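Note sheet for the following structure.
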């Protein structure tokens, strides 16, 4: 299903909520069986920047069923940690509450949160910001909840990966990487890491695997570990000389608030 480019974005929050509630069973199923995001987030964000036993407060925007949090972050949590998940879908939040029994969950649009400023050590958008009609406004408001020295984690599609109005859900649309980079620098963030993963070649390979009935390889975690490190190495070697076919279509960003 593709949304027509003439789609009317008015009342988009309701439309996004309706879509995610309606498709919650499939979204939950995919989050359990698909390693693509869980492995990439673990390698790039969690292993290097989240310490077990350290006290922290975490705000996760567009948390969905929180399957990635269950696998990557819950094992690191103790009584000293507070996890707050936010989503507009009640059906997805119900599953999230099962996955993170000691979490705090809020059903609300990401840009309408009313929480204390400068409290959180981590603020994450794991594939959520591109569902918002005004990503910059939402990012500005939410980033104010992050304390100085805290980390902002972003895993979002670029404008190359997805044009606004052509995603599966009503408001999905890729984010301009140059605009995002400029915004972060203008708003007192230091970019620690920036990776482009999931290349066009990778997407082509997935289609080939599907056609030759080897798609089950994607359900093996080691397959994704090899894929992530390969793309990280290629990106490091080529750096700014990336060919369009080798440049990833998803951004993985770690930024520190100054």
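Computed quantities for the displayed model
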read-out: Residues located in the range 130-145, provided they are over 13 Å from residue 167 (Cβ atoms) and either surrounded by 17 or more Cβ atoms within 10 Å (Cβ to Cβ) or in contact (Cβ under 8 Å) with a residue 24 or more places away in the chain (or both); value: 135, 136, 137, 138, 139, 140, 141, 142, 143, 144, 145
read-out: Residue within the range 158-166 that is surrounded by 16 or more Cβ atoms within 10 Å (Cβ to Cβ) and more than 30 Å from residue 233 (Cβ to Cβ) present; value: yes
read-out: Residues of the range 179-192 classified as on the phi < 0 side of the Ramachandran plot and loosely packed, with under 14 Cβ neighbours inside 10 Å, total; value: 6
read-out: Some residue of the range 30-51 being surrounded by fewer than 20 Cβ atoms within 10 Å (Cβ to Cβ), within 27 Å of residue 149 (Cβ to Cβ) and more than 18 Å from the chain's Cα centre (by Cα); value: yes
read-out: The one condition in (1) under 20 Å from the mean Cα position of the chain (by Cα); (2) modelled with pLDDT of 75 or more that residue 218 fails to fulfil; value: (2)
read-out: Residue check for residue 98: without any contact (Cβ under 8 Å) to a residue 12 or more places away in the chain, within 23 Å of residue 25 (Cβ to Cβ) and either outside any strand (DSSP E or B) or out of contact with any strand residue (DSSP E or B) (no Cβ under 6 Å at 6 or more places or on another chain) (or both); value: yes
read-out: Evaluation of residue 81 against (1) within 24 Å of residue 224 (Cβ to Cβ); (2) surrounded by 20 or more Cβ atoms within 10 Å (Cβ to Cβ); (3) modelled with pLDDT of 95 or more (one fails), failing number; value: (1)
read-out: Count - residues of the range 117-129 that are surrounded by fewer than 21 Cβ atoms within 10 Å (Cβ to Cβ), under 24 Å from residue 74 (Cβ atoms) and either at pLDDT below 95 or touching a helix residue (DSSP H, G or I) at 6+ places or on another chain (Cβ under 6 Å) (or both); value: 1
read-out: Any hit, the range 11-19, residues being more than 30 Å from residue 222 (Cβ to Cβ), at pLDDT below 90 and not in a helix (DSSP H, G or I); value: yes
read-out: Conditions (1) part of a helix (DSSP H, G or I); (2) in contact with a strand residue (DSSP E or B) (Cβ under 9 Å, 6 or more places away or on another chain); (3) touching a residue at least 40 places away in the same chain (Cβ under 8 Å); number of the one not met by residue 91; value: (2)
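The values are calculated or read from the model by the stated rules, or taken from the named source; none is laboratory data. No experiment lies behind these values; they were computed from the predicted model shown. All Cβ positions, glycine included, derive from the backbone under ideal geometry; neighbour counts span all protein chains shown.
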